[in-house]
1. Return the pair list, or none, for Cβ contacts closer than 7 Å from residues in region 54-69 that are farther than 24 Å from Leu297 by Cα to residues that are of a type in the set (S, T, N, Q) and not in a helix (DSSP H, G or I), at least 6 apart or on different chains.
2. Can you name the residue in region 224-233 that is buried (at least 21 other Cβ atoms within 10 Å of the Cβ) and more than 9 Å from ligand 1 (Cβ to nearest atom) and, of all such residues, is farthest from Thr299 (Cα to Cα)?
3. Of the residues in region 224-242, how many are closer than 13 Å to Asp173 by Cα and of a type in the set (Gly, Ala, Ser)?
4. Do we have Tyr99 as closer than 18 Å to Asn159 by Cβ, touching a helix residue (DSSP H, G or I) at 6+ places or on another chain (Cβ under 8 Å), in a strand (DSSP E or B) and open to solvent by 10 Å² or more (accessible area, probe 1.4 Å) here?
5. Would you confirm whether any residue within region 33-47 is within 14 Å of the chain's Cα centre (by Cα) and either surrounded by 24 or more Cβ atoms within 10 Å (Cβ to Cβ) or closer than 24 Å to Ala260 by Cβ (or both)?
6. Taking region 169-197 on its own, how many of its residues are within 12 Å of ligand 1 (Cβ to nearest atom) and open to solvent by less than 30 Å² (accessible area, probe 1.4 Å)?
7. When you go through (1) open to solvent by 50 Å² or more (accessible area, probe 1.4 Å); (2) hydroxyl-bearing (Ser, Thr, Tyr); (3) in a loop (DSSP other than H, G, I, E, B) one by one for Tyr362, which number turns out not to apply?
8. Just to check your reading of the model, which residue among Phe232, Phe169 is of a type in the set (Phe, Trp, Tyr), in a strand (DSSP E or B) and in contact with a helix residue (DSSP H, G or I) (Cβ under 6 Å, 6 or more places away or on another chain)?
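The values are calculated or read from the model by the stated rules, or taken from the named source; none is laboratory data. Please read all numbers here as calculations on a predicted model, not as lab measurements. Methodologically, a virtual Cβ is constructed for each residue, glycine included, from the backbone with ideal geometry; neighbour enumeration extends over all protein chains shown. Surface areas here come from the heavy atoms of the whole protein model, side chains and all, with no ligands, DNA or RNA. Shrake-Rupley method; radii C 1.70, N 1.55, O 1.52, S 1.80 Å.
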Amino acid sequence: MNFQLTEEQEMLRKMVRDFAKNDVEPTAAERDEEERFDREIFDKMAELGLTGIPWPEEYGGIGADFVSYVIAIEELSRVCASTGVTLSAHISLASWPIYKYGNEEQKKHYLQQLASGKKLGAYALSEPGAGSDVASMRTTATDEGDHYVLNGNKVWITNGGVADIYVVFAKTDPDARHKGVSAFIVEKGTPGFSFGKKEKKLGIRSSPTTELIFENCKVPKENLLGEEGEGFKIAMMTLDGGRNGIAAQAVGIAQGALDAATDYAKEREQFGKPIAKNQGISFKLADMATEVEASRLLTYQAAYLESEGLPYAKASAMAKLFAGDTAMKSTVEAVQVFGGYGFTKDYPVERYMRDAKITQIYEGTNEIQRLVIGRMVTKE
Ligand code: CAA
Ligand code: FAD
């Protein structure tokens, strides 16, 4: 067993770390405050090849593996979790199902545009009445000869409004539960497709989260992704990998909080010595460092399994569950290490704490991860 990263993976980490430090971190607090998405950051990621990390060069990617992908999400999230999820939703949720289930034409057209970063992607599964219970979705897609007509609403869509290409799930058989779901590629600007409420959020505030509205929206037949009725499976398999992207986001947030807390604990003096010299503080840092490292190992392992073509659904759910809880716990502790200063916007730890919460909620709440893991464990 070899836990060492390859030279290529180390180089990618360095490149993303430099980019994150120079181009993402300086505006992270301001974008959070203003709830502002910055397309220029995405365009710069495209120039660096980050928008197509795991996809073959023939489809506009850079042909790296999923370990490289999670390293990139981790490094971005270490300074700005919003930028991390922008890329994670783009790669894991919008591009993955097209790579896996798209026909050659769809890959040459849509995946190429996504991987090269000319277009930004989003994934639209959740609805007001169908969050954890995906199969109860109500958006419909009616077959009308050479096209489908979509009607319904999707909520909470990351990159909603700013994305150009949406993978949308709707029922071609409204009376069936999961067997009635199909997947579609829908382009921004399609008549009948508009955007509703943009959410005002606790965290990841520079990542837009928006409602999508479909009113008699005509989607050409060639934009059906996979087969009719195959949508639920496509959605679930997409999430299997997506969850590991969120695990990587959580690792990055937790590491960012640990770094900030460690530096501060070494500098801040009370009772004539740095607060880090108190066991009460150094034990906090020790627990944080241990849990961050365990989260990272789970995340890299799931990514390695996916790269090797081995089963990774359980590993990915475990990584998201553990890393999400670690991010929440570590960021709360980081604020504590900073004392009163941690409660202010003068330091980034309050933002990390607000950002961490979502990693326990989206791409399946941590209760749903336990349900998924529990089902697999009892089946084995
Ligand atoms: N891979 C392949 N097939 C799968 C699968 C998987 N991972 N999971 C389930 N299936 C198949 C089952 O085998 C079953 O197939 P059959 O018809 O052959 O029997 C079928 O799908 C139905 O499965 P279940 O009975 O398990 O379905 P369920 O209704 O009980 O739901 C669930 C299962 C795990 C709870 C699922 O609904 C779920 O994952 N919910 C959470 C939703 C979620 O994660 N949403 C995230 C939205 S995206 C997001 O949030 C984006 C972001 O953060 C940026
Ligand atoms: P509910 O399903 O109503 O759950 C409420 C509570 O009940 C939770 O604690 C849950 O764990 C618990 N619960 C539900 N069922 C069970 C059960 N069987 N056992 C135990 N506990 C249970 N969706 C997309 O499709 N695309 C996106 O890009 C996207 N981005 C998002 C971005 C943000 C910022 C947010 C907040 C959400 C996003 N989502 C997205 C939606 C997200 O995936 C859902 O919010 C999430 O799956 C939970 O659904 P819900 O909010 O309806 O909660």
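1. Hits for this filter: Gly60/Ser116.
2. Here is the first cut: in region 224-233, the ones buried (at least 21 other Cβ atoms within 10 Å of the Cβ) are 224-225, 231-232.
Pick out the ones that are also more than 9 Å from ligand 1 (Cβ to nearest atom) and you get 224-225, 231.
Working: Leu224: 32, Leu225: 28, Gly231: 26 Å.
Per the stated criteria, the residue is Leu224.
3. Number of matching residues: 2.
4. Working: closer than 18 Å to Asn159 by Cβ: yes; touching a helix residue (DSSP H, G or I) at 6+ places or on another chain (Cβ under 8 Å): yes; in a strand (DSSP E or B): no; open to solvent by 10 Å² or more (accessible area, probe 1.4 Å): yes.
So Tyr99 fails the test.
5. Let us first name the residues in region 33-47 that are within 14 Å of the chain's Cα centre (by Cα), namely none.
So far as region 33-47 goes, no, none of its residues is within 14 Å of the chain's Cα centre (by Cα) and either surrounded by 24 or more Cβ atoms within 10 Å (Cβ to Cβ) or closer than 24 Å to Ala260 by Cβ (or both).
6. First pass over region 169-197, keeping only residues within 12 Å of ligand 1 (Cβ to nearest atom): 169, 176-181.
Next, from what is left, pick out any that are open to solvent by less than 30 Å² (accessible area, probe 1.4 Å): 169, 176, 180-181.
So the answer is 4.
7. So the condition that Tyr362 fails would be (1).
8. Details: Phe232 fails: in a strand (DSSP E or B).
Step by step, each of Phe232, Phe169 is checked, and only Phe169 is of a type in the set (Phe, Trp, Tyr), in a strand (DSSP E or B) and in contact with a helix residue (DSSP H, G or I) (Cβ under 6 Å, 6 or more places away or on another chain).
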